[in-house]
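The values are calculated or read from the model by the stated rules, or taken from the named source; none is laboratory data. This one's a predicted model, so the numbers in the text were calculated from it and none came from an experiment. Glycine gets a Cβ as well: all are built from the backbone with ideal geometry, and neighbour counts include every protein chain shown. Side chains are part of the model used for accessible areas, which takes the heavy atoms of the whole protein and leaves out ligands, DNA and RNA. Shrake-Rupley method; radii C 1.70, N 1.55, O 1.52, S 1.80 Å.
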Amino acid sequence: MRKTFFALGFAATALLSVTQGFAQKGKPLYTFPIGVESYTYRNSFPKSVPATLDTIKALGITDMEGGAPKGLTAEEFKKMCDERGIKISATGMGYEQIVKDPMSAVNNAKALGASYVMVAWIPHQKGNFSLENAKKAVEDFNRVGKVLKDNGITFCYHNHGYEFQPYENGTLFDYLVKNTDPANVSFEMDILWAQHGGADPVDLLRKYGSRFKLMHLKDLKKGVKGDLTGGTPPENDVVLGEGQVNIPEILRLAKKAGVKHYYIEDESNHEYEQMPKSIAYLKSLKE
């Protein structure tokens with residue numbers, strides 16, 4: 001229990017301190033609820049779900065993308081989040097499971113109170129995402145997306161960087177966007193993985209803005225050269241604003257494009273130190 005209070009106190013104090021240091025004049029650029037991808041606290045949830053949710057609440061986070069931790073039902077986890085004023089607006093599901101049983105994704109999302117279900121990985125040989133992989137995904141996403149839409153849930157595909165494999169005059173990500181039905185298939189932009197895969201998140205928003213409904217906010221360490229593997233060491237995930245991603249311009253375009261939810265995802269192993277700083281950075285941005 002003492003550790004829980006320490007974590008809460010540390011989170012609140014760190015956030016206040018950093019926010020004061022960022023204070024500026026002008027209208028805020030970031031006007032959405034502060035959201036978090038639950039994977040950020042992957043090391044904490046197994047130790048104590050209540051303590052982890054208390055820490056998230058102490059940071060002022062009211063929006064979450066995630067699912068029930070091991071040992072809890074979706075309904076139980078939703079209740080715990082509701083008690084802390086945290087809404088689960090989106091959840092995820094593995095490619096194989098959602099393709100096999102899309103209604104399981106619908107039922108899980110509704111139990112959590114989520115409006116969106118995202119898939120974050122298309123099965124493929126690492127570093128060699130192919131046209132055949134993309135074609136299969138298009139077929140599956142169009143089918144699954146319609147089932148979800150017919151049941152009041154929006155399907156989103158979350159890019160992971162490997163999709164920017166060159167193809168014709170663009171990339172296989174272009175192929176995915178152009179060949180999926182906009183009525184049934186939307187996208188979640190992970191700005192770090194887009195950058196890491198050689199794409200420019202700003203250009204993607206200018207090109208396909210209306211297709212993006214969700215966004216993962218994260219930053220890639222300066223000097224890191226990406227590739228098409230969809231992977232990078234955790235130390236390359238840095239505090240928002242300290243890396244190489246053009247976050248202010250991304251947010252400006254995302255707002256215009258109609259992106260609905262923004263989730264900070266910290267894949268480092270220093271989430272308790274980095275999250276308050278990232279939140280303070282978002283709050284410091286001005287139009």
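Here are a few things to note about the model shown:
- Accessible solvent surface per residue of region 111-222, calculated while the other protein chains remain in place, 1.4 angstrom probe, Å²: 38 Å²
- 3J(HN,Hα) couplings calculated from phi for region 148-164 with the Karplus curve 6.51 cos²θ - 1.76 cosθ + 1.60 (θ = phi - 60°) are, in sequence order, 5, 4, 4, 10, x, 10, 9, 8, 10, 9, 9, 5, 10, x, 6, 6, 8 Hz; Gly and Pro show x.
- FRET efficiency estimate (nearest 0.05) - Cβ-Cβ, ASP200 to LYS135, R0 30 angstrom: 0.75
- Using heavy atoms of the protein chains and a probe of 1.4 Å, the accessible area assigned to SER210 is about 80 Å².
- Seen against the Cα atoms of the chain and their longest principal axis, helix 49-58 is set at about 80 degrees.
- Available extension along the chain between LYS70 and ALA183 is 37.3 nm, counting 0.36 nm per residue and deducting the alpha carbon span.
- Annotation: amide H of ASP219 within the under-5 Å range of VAL238, sequence separation 5 or more or interchain, hydrogens built in the peptide plane.
- Prolate/oblate/rounded label for the chain (Cα gyration tensor, a/c 1.5): oblate
- Karplus-derived 3J(HN,Hα), 6.51/-1.76/1.60, for each residue of region 79-94, Hz, glycine and proline x: 4, 5, 5, 4, 5, 10, x, 10, 9, 8, 8, 8, 9, x, 8, x
- If you take the Cα centroid of region 78-130 and the Cα centroid of region 214-285, the two points sit 21 Å apart.
- Summarising the amide proton neighbourhood of LYS87: residues at separation of 5 or more, or on other chains, whose placed amide H is nearer than 5 Å comprise ASP63, MET64.
- Here the extension length gained between LYS27 and ASN269 equals 83.8 nm, from 0.36 nm per residue of separation less the Cα-Cα distance.
- For the chain, the share of DSSP beta bridges that are antiparallel, to the nearest 5, is 15%.
- Farthest positive-ward along the chain dipole, Cα basis, beta-carbon charges - from LEU29, PHE164, ILE250: LEU29
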